[in-house]
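Chemist: If you scroll down you'll find the structure; I have some questions about it.
No value in this document is a laboratory result; all are computed from the given coordinates. As the structure is a prediction and not an experimental result, all values here were calculated from the model. All Cβ positions, glycine included, derive from the backbone under ideal geometry; neighbour counts span all protein chains shown.
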Amino acid sequence: MGYSAKKTLKEVSVAISFIFIAFVARWLDFFYYNSPDKPGSLIFSKLVGSLLVVLAVSILNLKWGEVGFTKKNFLRYLYYGLILLFVYIFLFYFLKPYLFYLFKFSIPEFSLSFSFPYYDRNYILELSMLTLNMVCEEGLFRGILQTRLKKIVPLFYAILIQSILFGLWHTTWALYNNQGFFSFYNLGYFLYTFGFGMIVGYIFEWTGTLTIPIIIHFFAGDNPFSISFFKDGAENITSVRDGMVVFAVSLTMIIIFLFISYTLLKKKVIIKKRK
Amino acid sequence: MGRRVSLSVVIGISLIFLTIIPLGMYLGYILDGKLNSSPLFFIIFSLASVILSLYLVYKSWDTLQRKL
């Protein structure tokens, strides 16, 4: 076994253990402080996660550019990121629920709602929590774990492992809402976050920076402005058939979104391959 | 070291972390609920399980290296 592989395996185990330490802080935040109901929800665990990212970068002797936090081509990726953000919102907030309702033989009632930020203490705390969340989640899963994994493991498996852990990371919401680990709610949420991890992992791989993942994660994944197009809001899964429908529709949306982002970023990919 | 071998090693590492750390967390969570202590046991058990899993990973890594 080569020296570099041994070193990278050490880095991988450090990255996964740091994710679990952040998960412990997340559990503490959820089930001891009940912070989703309090102002600045989950801010403690996000702070711990961000500090762990900084710690990991310093003890593994990484550069910030390697981890994805760079200004390189910032404006260009901002432009592409905003385009992809609108595509994402259209696909996952409009088309996916619409198709879900159609497959349930019901006609959805349209009502566009968009809450504009009101500047009180609670909202500012929540926005700062979401900002820390970008450093914490994107940094831990994409920035550190995925870049370490892809050195020793085929790329697809690196993104797969990263997104499975990302999906498991979000199952605490189902437990917090008293839905149970093996519930349809948890299944739907796990699939959604797993697919999000796959999408964002591939985009990070193609562009090499976390600019587009952060834009999509902040505005669409966490939805701080609570955008919705339908009166009923999120689709609720109550039977196996619904679960299958959601699975099929989400898979289609993920493939469409990956295809669109690949065609949009194709130029960049070719440039990267030539290097 | 082939990429397939390292894939199985990585899966093993993640499985060690995935089983041991949540187990320790859950144990601490249950003890806290029974003894009505604030997150004391949860923190102790989860930190202990993190250390235990890291120790197990490095121990198994050593064994693997000696065998190969």
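Chemist: Please report the base-10 log of the normalised intensity I(q)/I(0) for the range A:72-208, using a Debye sum with one equal scatterer per alpha carbon and no solvent, at each q in 0.10, 0.13 (1/Å).
Modeler: -0.46, -0.79
Chemist: Still on this structure: Cut-off 18 Å, label point 7 angstrom out along Cα-to-Cβ of A:Lys10: give me the residues of the range A:124-149 whose amide nitrogen falls inside.
Modeler: The answer is A:145, A:148-149.
Chemist: Once the mean 1/r over all distinct Cα pairs of chain B is inverted, what Kirkwood radius in angstroms do you read off?
Modeler: Its Kirkwood hydrodynamic radius stands at 13.3 Å.
Chemist: Something else about it: Compare B:Leu56, B:Leu15, B:Leu23 in a GNM of chain B, Cα atoms joined below 10 Å, and give the one with the largest fluctuation.
Modeler: In the Gaussian network model the winner is B:Leu15.
Chemist: Another question, then. Using the Cα gyration tensor of the range A:1-102, with a ≥ b ≥ c the square roots of its eigenvalues, what is the shape: rounded (a/c below 1.5), prolate (a/b larger than b/c) or oblate (neither)?
Modeler: Oblate is the answer for the range A:1-102, as a/c is 1.5 or above yet b/c matches or exceeds a/b.
Chemist: Rounded to two decimals, what is the ratio between the C-alpha radius of gyration of the range A:169-213 and 2.2 N^0.38 Å?
Modeler: After normalising by residue count via 2.2 N^0.38 Å, the value is 1.43.
Chemist: How many Cβ atoms of partner chains, on average, are near each residue of A:24-31 if near means within 10 Å of its Cβ?
Modeler: Values: counts 13, 2, 0, 8, 6, 0, 0, 6.
Counting other chains' Cβ atoms within 10 Å and averaging over A:24-31 gives 4.
Chemist: I would also like to ask the following. Among the aspartates and glutamates, which have Cα under 19 Å from the Cα of A:Lys38 when same-chain residues fewer than 8 positions away are ignored?
Modeler: Result set, ordered by chain and number: A:Asp29, A:Asp120, A:Glu126, A:Asp222.
Chemist: Separate question: Once both axes come from the Cα atoms, what is the angle between helix A:184-207 and the longest principal axis of chain A, in degrees from 0 to 90, rounded to 10?
Modeler: Orientation of helix A:184-207: about 40 degrees from the principal axis.
Chemist: Per residue of B:36-44, what is the mean number of Cβ atoms on other protein chains within 10 angstrom of that residue's Cβ?
Modeler: Average per residue, whole number: 2.
Chemist: Okay, moving on. Give the separation of the Cα centroids, the range A:193-260 to the range A:25-43, in Å.
Modeler: Measuring centre to centre over Cα atoms gives 24 Å.
Chemist: Starting from the Cα of A:Val240, step 7 Å toward the Cβ, then list every residue of the range A:174-191 with an amide N under 18 Å from that point.
Modeler: Flagged as within label range: A:182-188.
Chemist: Separate question: By count of other Cβ within 10 Å, fewest leading, how are A:Met244, A:Met129 ordered?
Modeler: So the residues, fewest neighbours to most, are A:Met244, A:Met129.
Chemist: So what J values fall out for the range A:25-37 if you push phi through Karplus, 6.51 cos²θ - 1.76 cosθ + 1.60 with θ = phi - 60°, rounded to Hz, Gly and Pro as x?
Modeler: 5, 5, 4, 4, 5, 6, 9, 10, 9, 6, 6, x, 8
Chemist: While we're looking at this one, here's another question. Work out, in µm²/s and without decimals, the Stokes-Einstein translational diffusion coefficient of the protein assembly as shown at 25 °C, 0.890 mPa s, Rh from Kirkwood over C-alpha pairs.
Modeler: Working: Rh = 21.4 Å.
D = 115 µm²/s.
Chemist: Starting from the Cα of A:Lys267, draw a straight line to each of the lysines and keep only those under 29 Å, dropping any in the same chain fewer than 8 residues away.
Modeler: Output for A:Lys267: A:Lys63, A:Lys71, A:Lys72, A:Lys96, A:Lys150, A:Lys151, A:Lys275.
Chemist: Related question: At what distance in nm do the modelled label points of A:Ser128 and A:Phe105 sit from each other, each positioned 7 Å from its Cα along Cα→Cβ?
Modeler: Each label point lies 7 Å from its Cα, and together they span 5.3 nm.
Chemist: Restricting to DSSP H runs of at least four residues, report the calculated mean residue ellipticity at 222 nm for the protein assembly as shown, -39500 (n - 2.57) per run over all residues, nearest 500 deg cm²/dmol. Please list the in-between numbers first.
Modeler: Values: 15 runs with 238 residues, N = 343.
Helices in the protein assembly as shown give a 222 nm mean residue ellipticity of -23000 deg cm²/dmol.
Chemist: Also, I was wondering about something else. Over all residues in A:139-152, what is the mean tally of Cβ atoms on other chains that come within 10 Å of each residue's Cβ?
Modeler: So the per-residue partner count for this stretch is 1.
Chemist: Determine which residues of the range A:35-78 fall in the zone a paramagnetic label at B:Ser38 would reach in this model, i.e. backbone nitrogen under 15 Å from the point 7 Å along Cα→Cβ.
Modeler: Answer for this model: A:35.
Chemist: Sort B:Leu40, B:Leu35, A:Leu191, B:Leu47 by Cβ crowding within 10 Å, fewest neighbours at the top. Spell out each step's value before the answer.
Modeler: On the way: B:Leu40 12, B:Leu35 9, A:Leu191 18, B:Leu47 15.
Listing B:Leu40, B:Leu35, A:Leu191, B:Leu47 from fewest to most nearby Cβ atoms yields B:Leu35, B:Leu40, B:Leu47, A:Leu191.
Chemist: For the range A:150-275, just list the percent of Cα-Cα distances falling in each 10 Å bin from zero outward, please.
Modeler: Bins of 10 Å from zero give 11, 37, 36, 14, 3, 0 percent of pairs.
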